[in-house]
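Step one of this worksheet: look at the structure below.
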Amino acid sequence: MMVEDLNCLWTLLSILVHLVHVLRKAFMNVFSNSSFSHPPLSWKRRADMPVSASKKVRDVSMGLAKKDRNLTAPASASKEVVVEKVERFGGEELKEGECLSVAARKIRNRPMKLVIPQSGVVGSELGEVFGKEDEDLGRGMEVEGNGYWLVSRRGTRHRMEDGYVAITNIHEDSKQAVFGVLDGHGGRACVDFVSQKLGNNIIKALEEVKEDNEEDKLESAIKTAYLTTDREFLSQGVSSGTCVATILIKDGKLHVSNAGDCRVVMSKKGVADVLTSDHRPEREDERIRIENSGGYVSCYNGVWRVQDSLAISRAIGDVNMKKWIISEPETRIIQLNKDCEFLIMASDGLWDKVSNQEAVDVVRQRKNSMQACKDLVEISCSRGNRDDVTVMVVDLRKFRRQSGAWRDSGVVLTTGRTLAVVEEELFSPLFLFSSSCFFLLGSPLMRNEGSIYRFSGVA
């Protein structure tokens with residue numbers, strides 16, 4: 001009797017557990033159906049949905065959502081709001097027949113627009129424009145100044161990293177000027193800083209040189225300006241850097257300096273004369289210097305690099321590699337004469353694709369120097385250049401000192417002999433000055449400057 005009572009009790013418990021399981025399953029099905037009929041739009045109340053009078057409510061079968069699946073529609077299909085006309089929902093266009101829940105899901109998944117402000121470029125204290133914001137630069141810039149022309153074009157990088165320096169009429173002397181071309185890397189910070197500071201530092205260092213004729217002191221002053229600019233930029237803790245080549249025109253002499261692979265080429269009667277030497281790791285003296293400083297030079301895919309990083313061995317900036325990438329420039333001094341025609345200063349974006357002599361030939365063949373700069377940039381880009389390219393042409397005839405007592409006005413003054421003003425293409429006739437009894441003999445005219453000629457006079 002006892003055993004039968006226990007069996008009956010276990011049977012009742014089993015039935016009760018099974019009943020609870022069935023009720024639980026039915027409850028979950030009911031909850032699932034009710035939640036599906038209203039898509040969860042917790043971020044926006046359903047009352048705010050732009051449902052117009054032209055919209056209708058119709059049944060949407062879940063089985064028709066994906067045609068490639070053989071699913072049967074449930075007995076009670078869910079209902080969703082469907083747009084019959086094109087409307088806007090939170091800035092998203094809803095096409096005819098598209099569900100609001102789908103559009104809402106698109107809006108939720110779209111990330112917010114990220115706006116990155118453009119950083120400005122440091123200007124010059126001397127009034128020259130050293131650059132513009134990237135939005136203004138676009139693909140490049142063109143600059144025409146007193147005796148110089150420049151064209152710069154951005155490569156495939158996101159930002160233009162080239163720059164330039166141009167300071168003329170130093171100390172109100174039209175024959176003194178500082179020009180420079182910069183090729184930055186790691187951002188524009190160093191380029192913008194150097195374009196403003198380096199020219200001023202060169203002028204400031206020259207003011208401390210008492211004897212203008214002491215070339216060693218002038219070279220040391222330029223070196224000091226480079227090192228000072230480098231030290232000032234490194235103090236900011238920014239990791240970018242820039243190659244730079246500069247020229248100082250002073251007292252009829254050309255002081256050419258560079259740190260990196262920006263190059264300066266001069267035309268002497270149409271022949272290219274390279275005035276700088278590229279600072280690259282493959283140079284034997286540069287490699288030895290780097291290795292003696294504890295660094296190493298490696299070659300990968302034909303490109304030599306310092307510490308497997310930079311392809312140049314000298315530059316301003318690069319705080320993380322300052323032990324090997326020094327900013328000390330090499331300087332060369334040239335006496336300007338009538339054979340010196342013009343300079344081509346450019347970043348490696350030009351010189352990697354155009355030879356020195358070809359560049360000189362292009363400039364000499366063009367009547368317009370600005371057009372010559374444009375053509376050189378176009379030639380480089382047409383040959384597959386992907387780097388930024390900057391080309392500056394400087395007319396040296398604008399900065400040559402007149403020999404002897406010549407002046408820009410065209411007045412010829414030779415002590416104890418004669419004073420005359422001559423015009424271009426004038427042949428010397430016989431003149432008689434009764435007051436001084438000076439005779440100007442009919443000797444051939446001797447060309448000195450552009451349109452200025454000099455007589456050979458006899459007292």
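The values are calculated or read from the model by the stated rules, or taken from the named source; none is laboratory data. These numbers were taken from a predicted model, which means no experiment stands behind them. Don't worry about glycine lacking a Cβ; one is built from the backbone with ideal geometry, like all the others, and counts go over all protein chains shown.
Computed quantities for the displayed model
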item: Every residue from segment 139-193 that is in a loop (DSSP other than H, G, I, E, B), modelled with pLDDT of 90 or more and of a type in the set (K, R); result: R154, R188
item: In segment 235-265, the residues that are under 26 Å from M160 (Cα atoms), in contact with a strand residue (DSSP E or B) (Cβ under 7 Å, 6 or more places away or on another chain) and not β-branched (V, I, T); result: S240, G241, C243, A245, L248, S257, N258, A259, G260, D261, C262, R263
item: Any chance W304 is part of a loop (DSSP other than H, G, I, E, B) and at pLDDT 95 or above; result: no
item: Answer from S257, S240, S267, S235 - the residue that is under 24 Å from C299 (Cα atoms) and among the hydroxyl-bearing types (S, T, Y); result: S240
item: Of all residues in segment 372-388 being over 18 Å from the mean Cα position of the chain (by Cα) and among the hydrophobic types (A, V, I, L, M, F, W, C), the one that is surrounded by the fewest Cβ atoms within 10 Å (Cβ to Cβ); result: I379
item: Residue in segment 361-379 that is assigned by TED's automatic domain parsing to the domain that holds D162 and under 28 Å from V297 (Cβ atoms) present; result: no
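Conditions (1) hydrophobic (A, V, I, L, M, F, W, C); (2) more than 17 Å from M321 (Cα to Cα); (3) crowded, with 21+ Cβ neighbours inside 10 Å; (4) over 23 Å from the mean Cα position of the chain (by Cα), marked per residue:
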{"site": "N200", "(1), (2), (3), (4)": "no, yes, no, no"}
{"site": "K204", "(1), (2), (3), (4)": "no, yes, no, yes"}
{"site": "E208", "(1), (2), (3), (4)": "no, yes, no, yes"}
{"site": "S220", "(1), (2), (3), (4)": "no, yes, no, yes"}
{"site": "K223", "(1), (2), (3), (4)": "no, yes, no, yes"}
{"site": "I247", "(1), (2), (3), (4)": "yes, yes, yes, no"}
{"site": "V274", "(1), (2), (3), (4)": "yes, yes, no, yes"}
{"site": "R289", "(1), (2), (3), (4)": "no, no, no, yes"}
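Every residue, every condition in (1) assigned by TED's automatic domain parsing to the domain that holds F179; (2) in contact with a Ser or Thr (Cβ under 7 Å, 6 or more places away or on another chain), yes or no:
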position: G252; (1), (2): yes, no
position: H255; (1), (2): yes, yes
position: M266; (1), (2): yes, no
position: A272; (1), (2): yes, no
position: D285; (1), (2): no, no
position: R289; (1), (2): no, no
position: K323; (1), (2): yes, yes
position: I334; (1), (2): yes, no
